[in-house]
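Visitor: Pasting a structure below so you can have a look.
Taken together, the values in this text are just the output of simple stated rules run on the coordinates, not laboratory data. Nothing here was measured: the structure is a model prediction, and the numbers come from that model. Backbone-built Cβ (ideal geometry, glycine too); neighbour counts: all protein chains shown.
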Amino acid sequence: MTRRLTAAFLVAIAAVVVATAARAADPKEIPITIENNRFSPEEIKVKAGEPFVLVVTNKDKAPEEFESKDLRIEKVVPAGKTMKIRVRALKPGTYPFVGEYHEKTAKGRIIAE
């Protein structure tokens, strides 16, 4: 009986270790809001070489398209909704983005350092 308990205990410990490692490997989530046809924050700093997820919340009453030609991303975020956008690991540099439906006011940039 002791061997079974020991084996079960070791399996349980291994499962916890694997789950913790998987969570640690999840990309960082960065919140960004669209409100009054503007992004907030307008500047996002990320670590170069690490993927991340933008969690975009549109608080406006109309949809907005998050677009970055440099990142090759075009995603429509419906009014009142939140969308997660996965971004690949970036080389050091600045990557502009706009809200395509309101390009004059909805502007921002991601800086990978």
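Visitor: Treating the beta-carbon of each Lys and Arg as +1 and of each Asp and Glu as -1, no other charges, what is the dipole magnitude of the stretch 27-112 about its Cα centre, to the nearest 20 debye?
Guide: 260
Visitor: Still on this structure, please answer the following. For the stretch 27-41, in order, what is each residue's ³J(HN,Hα) by Karplus, 6.51 cos²θ - 1.76 cosθ + 1.60 with θ = phi - 60°, in whole Hz (x at glycine and Pro)?
Guide: Karplus-based 3J(HN,Hα) across the stretch 27-41 equals x, 5, 9, 10, x, 9, 10, 9, 8, 6, 6, 9, 8, 9, x Hz.
Visitor: For the stretch 68-113 and the stretch 28-56, what is the separation of their C-alpha centers, rounded to whole Å?
Guide: Using only Cα atoms, the two centres lie 8 Å from each other.
Visitor: A further question on this structure: Length gain on complete extension for the stretch THR82 to ASP26, per 0.36 nm per residue less the alpha carbon to alpha carbon distance?
Guide: Gain in length upon complete extension: 18.3 nm.
Visitor: Taking 0.36 nm per intervening residue step and subtracting the Cα-Cα distance, what contour gain separates LYS104 from ALA62 on full extension?
Guide: Answer, rounded to one decimal: 13.5 nm.
Visitor: Which loop GluC sites (Glu not before Pro) in the stretch 70-106, with loop taken from DSSP, have no more than 13 other Cβ atoms within 10 angstrom of their Cβ?
Guide: Details: sites: GLU74, GLU100, GLU103; in loops: GLU103.
For GluC sites (Glu not before Pro) across the stretch 70-106 that sit outside H, G, I, E and B with at most 13 neighbouring Cβ atoms in 10 Å, the list reads GLU103.
Visitor: Same structure again: When you count, for each residue, the other Cβ atoms within 10 Å and take the mean per peptide, how do 26-34, 50-58 rank with the highest first?
Guide: 50-58, 26-34
Visitor: Given labels modelled 7 Å from the Cα in the Cβ direction, how far is it in nm from GLU50 to THR33?
Guide: Each label point is offset 7 Å from its Cα along the Cβ direction, giving 2.5 nm.
Visitor: Only bridges with both residues in the stretch 27-112 count here: give the DSSP antiparallel percent, nearest 5. Present the calculation step by step, with values, prior to reporting the outcome.
Guide: On the way: 22 of 33 bridges.
Within the stretch 27-112, antiparallel bridges account for around 65 percent of the total.
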